[in-house]
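Below: the structure, in structure tokens.
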DNA sequence: GACTGCTAGTTCGTTCTCGAACTAGTACGA
DNA sequence: TCGTACTAGTTCGAGAACGAACTAGCAGTC
């Protein structure tokens, strides 16, 4: 392989960490911890705690904690799922949607500043390649 | 911008998380916690705790904890820097080098399995684009 | 309907994390 | 050479993270 995978991974990890660090203060102003933000951003696509734990690769117990905090802050609401009484369907409140959108904007802005360093063509190349890496 | 930066970032983050999760058990077998591994892998390039904290974007107090653990396991050694008596120059032991190399191999393997999904050309494209994103 | 085995989500208690305060050493100007 | 201001690394204590054990509900078998 012409490319050292570990090095590539580490490079990428550092990039993501730096970007996240750059917008963590803005998230804090919105009343969001970093990990909570991930939950908030994903709740639309994966509305059940077990699903969130699986897609975000975090323990169930941690999801419980983040959801508890997000509910306390009024960003999220738990609803009982009539299909399966064990499940808690998680619903974004209006405040939750606002916070999520602002946090996503902050992230997009922080990452966007990095992306400006590369050409639009490279940006779409990157998107395509990452999509292939995550796809089936 | 034709590409949604936040989405791209999230995609990438999920990829890295999944890969790390896939090789965390192998790291555990080597006696390495994930965070400790990052320190171990970087110690060659950034041999001082303050430097590690800066490049890895983690708090100094955490570096202290990881280094303490790595020293206790015999992977790392602290040496006083004659140039500046405040600094602790960190040196890999033979065991530390072995553990680092094996952990890097495990990471390369886990990420490599993903990278196999894309063409060699895309792999080097990815490396170049990520390099541009992190560079000056 | 009772039994077995599964999954959803929470709780508990230990372990990890890290901001703030601290000690020790450096750098430099007066 | 003292004083002030800075940086390196550690310690401490409070809060966060999470594995294991738990409760509640589902699903299939008898």
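The values are calculated or read from the model by the stated rules, or taken from the named source; none is laboratory data. This structure is a prediction, so every number in the text was calculated from the model and none was measured. No Cβ is skipped: glycine too gets one built from the backbone with ideal geometry, and neighbour counts run over all protein chains shown.
Could you say which residue among B:42, B:29 is more than 13 Å from DNA strand C (Cβ to nearest atom) and within 13 Å of the chain's Cα centre (by Cα)?
Matching residue, one of B:42, B:29: B:42.
Looking for something in contact with a strand residue (DSSP E or B) (Cβ under 8 Å, 6 or more places away or on another chain) and touching a residue at least 60 places away in the same chain (Cβ under 8 Å) - is there at least one such residue anywhere in segment B:59-82?
no
I'd like the full set of residues that are closer than 23 Å to residue B:47 by Cβ and within 14 Å of the chain's Cα centre (by Cα), limited to segment B:97-107.
The answer is B:97, B:99, B:100, B:101, B:102, B:103, B:104, B:105, B:107.
Against the condition modelled with pLDDT under 95 and within 13 Å of the chain's Cα centre (by Cα), how does residue B:24 come out, does it pass?
In short, yes.
Within segment B:19-40, how many residues are out of contact with any helix residue (DSSP H, G or I) (no Cβ under 6 Å at 6 or more places or on another chain) and in contact (Cβ under 8 Å) with a residue 60 or more places away in the chain?
2
How about segment B:27-50: which of its residues are over 21 Å from residue A:12 (Cβ atoms) and at pLDDT 95 or above?
Answer for segment B:27-50, where residues must be over 21 Å from residue A:12 (Cβ atoms) and at pLDDT 95 or above: B:47, B:48, B:49, B:50.
Of the conditions (1) closer than 25 Å to residue A:8 by Cα; (2) within 13 Å of DNA strand C (Cβ to nearest atom); (3) over 18 Å from the mean Cα position of the chain (by Cα), residue B:126 fails just one. Which one is it?
Looking at each condition in turn, residue B:126 falls short on (2).
Could you please find all residues in segment B:86-123 being out of contact with any helix residue (DSSP H, G or I) (no Cβ under 7 Å at 6 or more places or on another chain), farther than 22 Å from residue A:13 by Cβ and in contact (Cβ under 8 Å) with a residue 40 or more places away in the chain?
B:89, B:91
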